[in-house]
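Novice: One structure coming up, written as structure tokens, with questions to follow.
The values are calculated or read from the model by the stated rules, or taken from the named source; none is laboratory data. This is a predicted model, so every value here is computed, not measured. Quick reminder, even Gly has a Cβ in these numbers, built from the backbone with ideal geometry, and neighbours come from all protein chains shown. The area values use the complete protein model at the heavy-atom level, side chains included, leaving out ligands, DNA and RNA. Shrake-Rupley method; radii C 1.70, N 1.55, O 1.52, S 1.80 Å.
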Amino acid sequence: MSIVIFGLMRLAPGNIVDILFGSAGYVNEADKQLIMQELGIDRPIWVQYLHWLRDIVSGEMGKSYRYDLPAWQIIKPLIPVTVELAVISTVIAVCLGVPAGVISAVRQDTALDYGLRLLSLAGLSMPSFWLGMVIILTLVAWIGWIPPVTYVPVTENLPIHLVQFLLPGLAVGYRSSALIMRITRSTVLEVLREDYIRTAWAKGQSGRVVIWRHALGNAFLPIVTVIGIEFAFLIGGLVVTETVFNLPGVARFLVQAILWRDYPIVQNLVMFIAIVVILSNLLVDLLYGWLDPRVRFAG
Amino acid sequence: MFRPLGVTARVALALALALAAVGAPALSQTPRAPLAPKSGGVLNVSQREELPQGFSIHESATNSTVWPSLPCFSNLVFFDSQKMVESVDTIVGELAEKWSWQDNHRSLAFFLRRNVNWHDGRPFTAKDVKYTFDMVREAKDAPARLRINPRKDWYANVEAIEAPDPYTVVFRLRRPQPSFLLLLASGYSPVYPTHVPPGEFRTRCVGTGPFRLKEWRKGEYVEYVRNPNYFIKERPYLDGLKYVIIAERSTRFAALQAGRLDVAMPIDGSRTLTAQLKAAVPKMVITEINPNANANILMNTKRPPFDNVKVRRAISLAIDRRAYVKAVEQGGAVVGASLAPPPWGIWGLREQELARLPGYGRPERDKALTRALLAEAGYGPGHPLRVEMATRAMAIFVDFASFVIDELRQVGVEATLRQVETAQWHPLVTRREYQMGSNFTGLGVDDPDANFPENYGCGSPRNYTDYCDEQVMRMIEQQSQELDPKKRLALVWRIQEKLEEDAARPTMGWRLDYFAQWPHVKNLIPHHSAYNWSRMQDVWLDR
């Protein structure tokens, strides 16, 4: 994976020295060579790759070309912002999507079902950044207020911090909830047709027990899978939302680093995103075992 | 303070007064300086992107560096913050208390302020000045070197810099250059300390300016606090400044509208956007300014077909400048040649002269002339001229290029668009690996010496078209050392006409900027320039 990440970055045309000269409006080939030498990007690609691996193993993660600071120093403050936003968005998505999906399944082909499906279709059709922009512009137009445009840490002011994250969380969470709602609806509908559900109804169990314990409990595996995928996607996919709400997160910074060809930052951020994807998949697999006894005892 | 008033200065003053007489361009509700400024408060300032080179102004050529870095530094001289039009007569002393031209304008002596300290407490002396400008001009014995040096050419006429005592510095010039003082007054000419390596300015700032750097949170904001030891007594008024980096333009303007920001950033507000802002917040102050940036067409004069002046002239004739201003800039620009036209600038050609030039007259007549010129060069319906137009893959560049392609199509020229990423653009034009391109050029100072040698001079790295004409070079030299301002102006006009006739780099228009600020921000007067007015020492808040 490290080779792919490293190699892909080198496929992009130009390097940071081109960008530096670009911002100065000219290129001096001799000076360009000197800077490339200084940054070590004049060396053969495989040497650069080995240096990067060495930096990772030593925990240094290299030095940002752009800021001339250790990459970890730059990346470290970005991670909690993105993780928090992804967690809040996922929680909102689950809180909206799962109940809506269940209600929609139970009330199949009623006005409520159509209404909820329409809402979910709208959620899938609206890009979260667009929704975010609409939220910001609506707030500013109606009440002349928007959340602070610089990041307020939780330790500084909890209510403001929450507002800063809840609005983008809603924008992103709504879109994700639409997907979760649709998956929940279809899997619950499937389970509701099973014999054991019919047996539960025949035994006279309450609707709450039948639907929420028996039906949803067994329908949950695909839902958890989708939640896991969505969470992993959000870690690297919040670029525009972070940009619109001006939150200093991983994705926004990653785009800047790509534009500047700041290889050490890009490589380490992509590596971080890849690790989160792997870990969230692992967590989903572990949850399978916890949710489904068949998986737990299969081994 | 001693302010020499040379002949250039007198004409510049006359021109400035003339500008004032015809009316300052569309100054809507510019905040007036009140009698009793209040101290305190933090000004929240818009910053559209991360600082590309940190605070290293000498290594940068973008306002994204200059705008948030200026409050940290001081120049020898600077443009008066309260005067919108910049000229020799609006120059005031900063680190220099007074100055004097000597030896028939071949030496410029500065007499420096005493008891000025750098932000780290070390004393400022003439050695710092010599160090800075020896480094920028790349003198043989310069003790330090810049990694990237975009303005070396500004100082090509400097023969030596001497510091005979700690408070005197003398620039010895090879030939007279009356506008040299203007180059030193640019925001691009701060004085650096000898004791801080130039590379460190990419991450921190040690200056003598009104504000000291408190924190640069990467990608988030730059924060300054008041410098209590600033050399001008009772300045600055503000306790601090916060430049908030907001990459998304809609969010930036929403933040301004919501009062999260007090002022916008220069070269950020379009006419349409600021009109909407004004409609939403009627008390918002919008000032129309000329940021000194023009849209121009590059034609590679070293490659066919543009090595043929007839073809270049045909292309220049084919493009209707007034239609460009209307269609691409939506009226937010003015037509002009290679220097900004009055009343936006001092040196540009006026309407009556422009009307005689290719592309500024009647479009139908110009297009007919284009076809005739192309036919002379061997192109016509059976053998159309085919060209590739390169541009940066950004909306403003693409819109501009698409307009040009459409204009060319109307005269039978088949042009295709090639979009290149920003990282590739300058290597492409520097290596002349293009046929034709659409480009924007910003000028640090409204002065021919800050434009002609750099963009039209033979061998200059930023002369992307490689246009080189001996006669023009002679005239550029001549105007630079001309002490009679009237004669200089006449020469400058002649150069501009010649450049347009040769289609050296046809100018499409001068973009206007619409600078927005809340009315409680006082004494922040936008200039007709993007680079020379954000020191912020006179700004105060009337909340």
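Novice: Taking A:ARG185 as meeting all but one of (1) modelled with pLDDT of 95 or more; (2) under 21 Å from the mean Cα position of the chain (by Cα); (3) open to solvent by 10 Å² or more (accessible area, probe 1.4 Å), write down the number of the exception.
Specialist: (2) is the only condition that A:ARG185 fails.
Novice: Would you point out which residue out of A:ILE79, A:ILE74 is surrounded by 16 or more Cβ atoms within 10 Å (Cβ to Cβ) and under 30 Å from A:LEU167 (Cα atoms)?
Specialist: A:ILE74
Novice: Which ones in the range B:236-252 are open to solvent by 10 Å² or more (accessible area, probe 1.4 Å), in contact (Cβ under 8 Å) with a residue 60 or more places away in the chain and either more than 9 Å from chain A (Cβ to nearest Cβ) or acidic (Asp, Glu) (or both)?
Specialist: Correct list: B:TYR237, B:ASP239, B:ARG249.
Novice: What about B:TYR360, is it among the hydroxyl-bearing types (Ser, Thr, Tyr), outside the structural domain of B:SER179 (by TED's automatic domain parsing), open to solvent by 10 Å² or more (accessible area, probe 1.4 Å) and at negative phi?
Specialist: No: the conditions fail for B:TYR360.
Novice: Filtering the range B:317-332 down to residues that are open to solvent by 10 Å² or more (accessible area, probe 1.4 Å) and aliphatic (A, V, I, L, M), which residue is farthest from B:PHE403 (Cα to Cα)?
Specialist: B:LEU317
Novice: Among the residues of the range A:229-239, is there at least one that is within 14 Å of another protein chain (Cβ to nearest Cβ) and within 17 Å of A:GLU84 (Cα to Cα)?
Specialist: Scanning the range A:229-239 turns up at least one residue that is within 14 Å of another protein chain (Cβ to nearest Cβ) and within 17 Å of A:GLU84 (Cα to Cα).
Novice: Which of the residues belonging to the range B:92-116 are assigned to a loop (DSSP other than H, G, I, E, B) and within 16 Å of B:LEU184 (Cβ to Cβ)?
Specialist: B:GLU94, B:LEU95, B:HIS105, B:ARG106, B:ARG113, listed by residue number.
Novice: Continuing with the same structure: Looking at A:GLY59, A:GLY115, can you tell me which residue is more than 9 Å from every other protein chain (Cβ to nearest Cβ) and part of a helix (DSSP H, G or I)?
Specialist: Criteria check complete, one pass: A:GLY115.
Novice: In addition: Restricting attention to the range A:190-198, does a residue exist that is of a type in the set (A, V, I, L, M) and either part of a loop (DSSP other than H, G, I, E, B) or within 14 Å of chain B (Cβ to nearest Cβ) (or both)?
Specialist: no
Novice: Take B:LYS152 and tell me if it is under 24 Å from the mean Cα position of the chain (by Cα) and surrounded by fewer than 22 Cβ atoms within 10 Å (Cβ to Cβ). Can you show your working first?
Specialist: On the way: under 24 Å from the mean Cα position of the chain (by Cα): yes; surrounded by fewer than 22 Cβ atoms within 10 Å (Cβ to Cβ): yes.
Yes; evaluated as a whole, the condition is true for this residue.
Novice: Shifting gears a bit: Can you name the condition, by its number, that A:ARG66 falls short on among (1) more than 13 Å from chain B (Cβ to nearest Cβ); (2) outside any helix (DSSP H, G or I)?
Specialist: Unmet condition: (1).
Novice: For the range A:255-273, which residues satisfy the criterion of being closer than 27 Å to A:GLY132 by Cα and either in a loop (DSSP other than H, G, I, E, B) or open to solvent by 20 Å² or more (accessible area, probe 1.4 Å) (or both)?
Specialist: Passing the criteria: A:VAL255, A:GLN256, A:ILE258, A:LEU259, A:TRP260, A:VAL270, A:PHE272, A:ILE273.
Novice: Being outside any strand (DSSP E or B), closer than 15 Å to B:VAL539 by Cα and in contact with a helix residue (DSSP H, G or I) (Cβ under 8 Å, 6 or more places away or on another chain) is the filter here; which residues of the range B:207-235 pass it? Full working, then the answer.
Specialist: Taking the range B:207-235 as the starting set, the residues that turn out to be outside any strand (DSSP E or B) are B:207-210, B:218-220, B:227-235.
Still in the running and closer than 15 Å to B:VAL539 by Cα: B:209-210, B:227, B:230, B:232-235.
The answer is B:GLY209, B:PRO210.
Novice: Also: Enumerate the helices (runs of 4 or more DSSP H) found wholly within the range B:275-354, keeping only those where 3 or more residues are at positive phi.
Specialist: none
Novice: Moving on. If you go through the range B:48-76, how many residues are surrounded by fewer than 22 Cβ atoms within 10 Å (Cβ to Cβ) and more than 16 Å from A:ILE19 (Cα to Cα)?
Specialist: 1
Novice: Name the single residue, out of those in the range A:127-163 being more than 12 Å from chain B (Cβ to nearest Cβ) and touching a residue at least 60 places away in the same chain (Cβ under 8 Å), that is surrounded by the fewest Cβ atoms within 10 Å (Cβ to Cβ).
Specialist: A:PRO127
Novice: For the range B:74-91, give me each residue that is acidic (Asp, Glu) and part of a loop (DSSP other than H, G, I, E, B).
Specialist: Within the range B:74-91, the first condition is being acidic (Asp, Glu), and the residues that meet it are B:80, B:86, B:89.
B:ASP80, B:GLU86 - these are the residues of the range B:74-91 that are acidic (Asp, Glu) and part of a loop (DSSP other than H, G, I, E, B).
Novice: What pairs come up if the first residue lies in the range B:210-234 and is within 14 Å of chain A (Cβ to nearest Cβ) and of a type outside the set (Gly, Ala, Ser), the second is part of a strand (DSSP E or B) and open to solvent by 80 Å² or more (accessible area, probe 1.4 Å), and their beta carbons are under 7 Å apart, counting only those six or more places apart or on different chains?
Specialist: As it stands, the answer is B:GLU223/B:LYS214, since those pairs meet every condition given.
Novice: Given the structure, is A:GLY25 open to solvent by less than 20 Å² (accessible area, probe 1.4 Å) and either within 14 Å of another protein chain (Cβ to nearest Cβ) or more than 30 Å from A:ARG185 (Cβ to Cβ) (or both)?
Specialist: yes
Novice: Tell me which residues, restricted to the range B:259-276, are surrounded by fewer than 20 Cβ atoms within 10 Å (Cβ to Cβ) and within 14 Å of chain A (Cβ to nearest Cβ). If you could, list the steps in order and put the result at the bottom.
Specialist: Taking the range B:259-276 first, the residues surrounded by fewer than 20 Cβ atoms within 10 Å (Cβ to Cβ) are B:259, B:270-273, B:275-276.
Listed by number, the residues that qualify are B:GLY259, B:LEU273, B:GLN276.
Novice: Looking only at strands (runs of 3 or more DSSP E) that fall completely inside the range B:379-455, which ones have 2 or more residues that are more than 30 Å from B:TYR155 (Cα to Cα) and open to solvent by 10 Å² or more (accessible area, probe 1.4 Å)?
Specialist: B:386-392, B:414-420
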